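Some notes on the structure that comes next.
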Amino acid sequence: FGQQRLWFLSQLAPEDRAYNVPATVRLKGQLYAPTLARAIDEVVRRLETLRSRFPAVDGQATLVIDPPVPRPLPVEELPDVPEGERLAEATRRAREDALRPFDLAAGPLFRARLFRLTPRDHVLHVVTHHIISDGWSMGNFFKELAALYGAFLRGEPSPLPELALQYADWARWQQEQLDQRGLAGDLAWWTER
């Protein structure tokens, strides 16, 4: 129901960025961007919600979960920016990106980019639409990303178990619970009032 509400609000104001969820982390030390990109792809493969989009069918939101496909991680070098100003420039660009709206029907509703400040100093910027994640989810995203990056860097497979349930499973259960309780009766009561 939360996703339906956010979809409806997006129909009213498609350019609204109030529901963008940005997250930025600074990464110090040696970083291998291809390995980081592989780890991001694995998190996106694991979490169907990061591959979700919401086209309208007969005027109603419909959940579509796209298959996982590797996507390049844009790496932005800042060679023309003095080294002492690169963090500020990366922050400015990340804020700009956080304000770009999402198309809920077309997707993707997840974006990532990496800013290279120096060979040993990076900023990873991720932004999602709130219809697919929240602040708590982003914390989990970064925990899984760290575990996967470390494993892949060592040449190991993913240390994370496959998920028994996805968000869509919970949403289906929620709908079934309300249908069993007589949602139509509740709606009629509220509509009358």
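The values are calculated or read from the model by the stated rules, or taken from the named source; none is laboratory data. For clarity, every value in this text was computed on a predicted model and none was experimentally measured. Virtual Cβ from ideal backbone geometry, glycine too; neighbours counted across all protein chains shown. We work out accessible area using only protein heavy atoms, side chains counted, and drop any ligands, DNA or RNA first. Shrake-Rupley method; radii C 1.70, N 1.55, O 1.52, S 1.80 Å.
Kindly express, to the nearest 10 degrees and within the range 0 to 90, the angle between helix 135-153's C-alpha long axis and the longest C-alpha principal axis of the chain.
Helix 135-153 sits at roughly 40 degrees to that axis.
Roughly how many debye, to the nearest 20, is the charge dipole of the chain about its Cα centre, given +1 on each Lys and Arg Cβ, -1 on each Asp and Glu Cβ, and no other charges?
Values: 24 positive and 26 negative charges, 92 e Å.
Dipole of the chain, to the nearest 20 debye: 440 debye.
Taking only Cα atoms and a 10 Å spring cutoff, compute GNM fluctuations for the chain and point out the largest among VAL69, VAL127, VAL43.
VAL69
Quote the FRET efficiency, to the nearest 0.05, computed for GLU156 versus TRP136 with a Förster distance R0 of 22 Å and r equal to the Cβ-Cβ distance.
Numbers: r = 27 Å, r/R0 = 1.25.
Using R0 = 22 Å, I get an efficiency of 0.20.
If you line up the Cα atoms of the chain on their principal axes, what length do they span on each, largest first, in Å?
64, 37, 24
Could you please state how large a percent of the accessible area of the range 1-158 is carbon and sulfur, counting protein chains only and using a 1.4 Å probe?
On the way: 4750 of 8460 Å².
Percent of accessible area from carbon and sulfur atoms in the range 1-158: 56.
If the elastic network links every pair of Cα atoms under 10 Å, which of ARG95, ARG71, ARG154 fluctuates the most in the Gaussian network model of the chain?
Checking each option, the largest mean-square fluctuation is seen for ARG154.
With Cβ to Cβ distances under 12 Å as the rule, what net charge do the other residues near ARG17 carry (K, R +1; D, E -1)? Can you show the working numbers first?
Values: positive: ARG95, ARG100; negative: GLU15, ASP16, GLU96, ASP97.
Counting the neighbours of ARG17, the net charge comes to -2.
When the solvent-accessible surface of protein heavy atoms is calculated with a 1.4 angstrom probe, in what order do TRP189, TRP7 fall, highest first? Show your work: numbers first, answer last.
Details: TRP189 115, TRP7 25 Å².
If we order TRP189, TRP7 from most to least accessible, we get TRP189, TRP7.
About its Cα centre, how strong a charge dipole does the range 1-93 have in debye, to the nearest 20, once Lys and Arg get +1 and Asp and Glu get -1 at the Cβ? Present the calculation step by step, with values, prior to reporting the outcome.
Details: 13 positive and 13 negative charges, 69 e Å.
So the dipole magnitude of the range 1-93 works out to roughly 340 debye.
Going by alpha carbons, how many degrees (0 to 90, nearest 10) lie between the helix axis of 86-98 and the longest principal axis of the chain?
Taking Cα atoms only, the helix is inclined about 20 degrees.
Could you calculate the FRET efficiency of THR118 with ARG92 from 1/(1 + (r/R0)^6), where r is the beta carbon distance between them and R0 is 22 Å, rounded to 0.05? Could the numbers behind the result be given before it?
Details: r = 18 Å, r/R0 = 0.80.
Computed FRET efficiency for THR118 and ARG92: 0.80.
Once Lys and Arg get +1 and Asp and Glu get -1 on their Cβ, which of ALA106, PHE8, ASN140 lies farthest toward the positive end of the dipole of the chain?
Looking along the dipole axis, the top candidate is ASN140.
For TYR32, TYR19, give me the order by solvent-accessible area with a 1.4 Å probe, most accessible first, ignoring ligands, DNA and RNA.
Working: TYR32 110, TYR19 70 Å².
Greatest to least solvent exposure: TYR32, TYR19.
Please list, by residue number, everything in the range 104-130 whose backbone N is under 20 Å from a paramagnetic label point 7 Å out along Cα→Cβ of VAL81.
Output list for this probe position: 111-128.
May I ask for the angle, rounded to the nearest 10°, between helix 167-181 and the longest principal axis of the chain, with both axes built from Cα atoms and the value confined to 0 to 90°?
20 degrees
Taking K and R as +1 and D and E as -1, what net charge do the other residues with C-beta under 14 Å from the C-beta of SER158 add up to? If you can, show how the numbers build up before the last one.
Numbers: positive: ARG38, ARG45, ARG46, LYS143, ARG154; negative: ASP41, GLU42, GLU144, GLU156, GLU162.
Local net charge: 0.
Roughly how many Å² is the accessible area per residue of the chain, as a whole number, for a 1.4 Å probe?
60 Å²
Convert 25 °C to kelvin, take the viscosity as 0.890 mPa s, use the Kirkwood radius over C-alpha pairs of the range 64-121 as Rh, and evaluate the Stokes-Einstein diffusion coefficient in µm²/s, rounded to a whole number.
Details: Rh = 13.4 Å.
This corresponds to a translational diffusion coefficient of 183 µm²/s.
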